[in-house]
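See below for the structure under consideration.
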Amino acid sequence: MAAHQEKKPAQERKHKPSQNDTQTSQVQWGRAWEVDWFSLASILFLLLFVMMIVYYFIMSCDQYQCSLTDPLRDLLTGNTHLPDIWNKTPMLTYRAASIYCLWVAFQVFLYMFVPDFCHKFLPGYVGGVQEGAVTPAGVVNKYEINGLQAWIITHVLWFANAYYFHFFSPTIIFDNWIPLLWCANILGYAVSTFAMIKGYFFPTNAKDCKFTGNFFYDYMMGIEFNPRIGKWFDFKLFFNGRPGIVAWTLINLSYAAKQQELYGQVTNSMILVNVLQGIYVLDFFWNEAWYLKTIDICHDHFGWYLGWGDCVWLPYLYTLQGLYLVYHPVQLGTANAVGVLMLGLIGYYIFRATNHQKDLFRRTDGNCRIWGKKAKDIECSIDGTKYYSKLMTSGFWGWARHFNYTGDLLGSLAYCLACGFAHILPYFYIIYMTILLTHRCIRDEHRCSSKYGKDWKLYTAAVPYRLIPGVF
């Protein structure tokens, strides 16, 4: 769903960006203008069933020790019935509602009212007020980049409470996990519905709205490009980064605390999951300014896909490994633990180094050295106009057209391998990520093919593989 960083087409660098360039590529921006029956059927399926998928995973851990097959077997054999499962499910509580409201309010406060100070003393970190990309209407939005600061403040307070103040138990998130699920759903649907109403009646910029005429498609994929309240509260940036991703590491810490409470120790597999996913989260916030240039911000409209996905899908399904390890603690042998750690670090290195090569190429207009050699590229005409982009064919980008995704997948696999092989549930993440990133490859390349035409064929001939050199 959301949060994984999707880059703009390949490694393009425009020689002469202009308003005309924006207009010529308008048809390729964001979501579809018309909706076919297959797309509509897919949208309806997701709206009707994806919440049930999340519930099924969480329920299977709560009632069936994380088995994905036992609930179905019990239902098919008549050993249990749907009302029985539902009646055992914890409902919304005042305590969970209070926790969730306080959490979201605190993140809004950090986002809106605490200007970034990290960029003043952290070398290499880009924070504070930054400009985003040009929207289809020609608007350049400004953002207060302070996600790293919000993450640090939140986690300092978390550890201060755990070790000194003891206002609440570190297991508070796990102990209220399903009641918090209902809170997250309420917010996800509320913000998605509000964004749609806003798009119809009081959009931030009417020229950046897109209507297909299909209610369900518009609700899911969004109408407004950059819905905002006031000057600074940007729905897309806030919900993409906060509160879900800030919570990601807190959720894992709560799982580790629960494991300590139940078994008297935290296993090395739980530590690996916390460390590897923590690196990914910190990377996201360290590069939050760079995130303004990704497809999530530059092309996607804000609807249920992002609103509900960031509130529910991300925090509940991206953290399945830690949840599984609470119910099934795994202590890996030294060699296996080192292997998982190395795989995760190698995946992260590829992910970060690949993006660094692209950023270096973009900043220098291709006048740079990659792996000690002058960067190579293919110059492509944009939509048949006199404006051009350069697509890099050096370094990792010469190995595969989306090698950053390859690194992402290696890291994702490491999270799952830390859980052993007793259950399939923790492997949902790598299965989902493989489908998601493969789809993004195809989606991105379809748009690039339309944008660059015959020049795109030259590029794909030079770099024939999408993800895995020699395979795909």
Once amide hydrogens are built 1.01 Å from N within the peptide plane, the residues lying 5 or more places from residue 223 or on another chain with amide H under 5 Å from its amide H are 302
Using the Karplus equation 6.51 cos²θ - 1.76 cosθ + 1.60 (θ = phi - 60°), what ³J(HN,Hα) coupling, rounded to whole Hz, does each residue of region 157-174 give in order, writing x for Gly and Pro?
5, 4, 6, 4, 5, 5, 9, 10, 7, 6, 5, 8, 6, x, 8, 4, 5, 4
Along region 132-148, what does the Karplus equation 6.51 cos²θ - 1.76 cosθ + 1.60 (θ = phi - 60°) give for ³J(HN,Hα), rounded to whole Hz, x for Gly and Pro?
x, 6, 6, 7, x, 7, x, 8, 10, 7, 10, 10, 8, 8, 9, x, 4
Compute the long axis of helix 37-64 from its Cα atoms, compare it with the longest principal axis of the Cα atoms of the chain, and write down the angle in degrees, 0 to 90, nearest 10.
30 degrees
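If a/c stays under 1.5 just call it rounded; otherwise compare a/b with b/c (prolate if a/b is bigger, oblate if not). Do that for region 171-330, with a ≥ b ≥ c from the square roots of the Cα gyration tensor eigenvalues.
Numbers: a/c = 3.04, a/b = 2.08, b/c = 1.46.
Prolate shape, in that a/c is at least 1.5 and a/b is the bigger ratio.
Counting pairwise Cα distances across the chain, what percent come out greater than 40 angstrom? Please report the intermediate quantities before stating the final value.
Values: 22311 of 111156 pairs.
For the chain, the share of Cα pairs beyond 40 Å comes to 20 percent.
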Estimated inter-spin distance, residue 92 and residue 77, nm [label 7 Å along Cα→Cβ]:
3.6 nm
What list of ³J(HN,Hα) values in whole Hz, one per residue of region 215-224 in order, does the Karplus curve 6.51 cos²θ - 1.76 cosθ + 1.60 (θ = phi - 60°) give from phi, with Gly and Pro shown as x?
4, 5, 5, 5, 5, 6, 8, x, 9, 7
Note the full-extension length gain between residue 156 and residue 462 as 0.36 nm times their separation in residues minus their Cα-Cα distance, in nm to one decimal.
105.3 nm
Using the alpha-carbon atoms, what tilt in degrees (0 to 90, nearest 10) does helix 334-363 show relative to the longest principal axis of the chain?
30 degrees
Counting only DSSP loop positions in region 156-241, the chymotrypsin sites (Phe, Trp or Tyr not before Pro) whose Cβ has at most 13 other Cβ atoms within 10 Å are 167, 168, 211
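Every number in this text was worked out from the coordinates using simple rules, so none of it is lab data. On a predicted model such as this, the values are computed, not experimentally measured, just so you know. Positions of Cβ are generated from backbone atoms using ideal geometry, with glycine treated the same way; all protein chains shown enter the neighbour counts.
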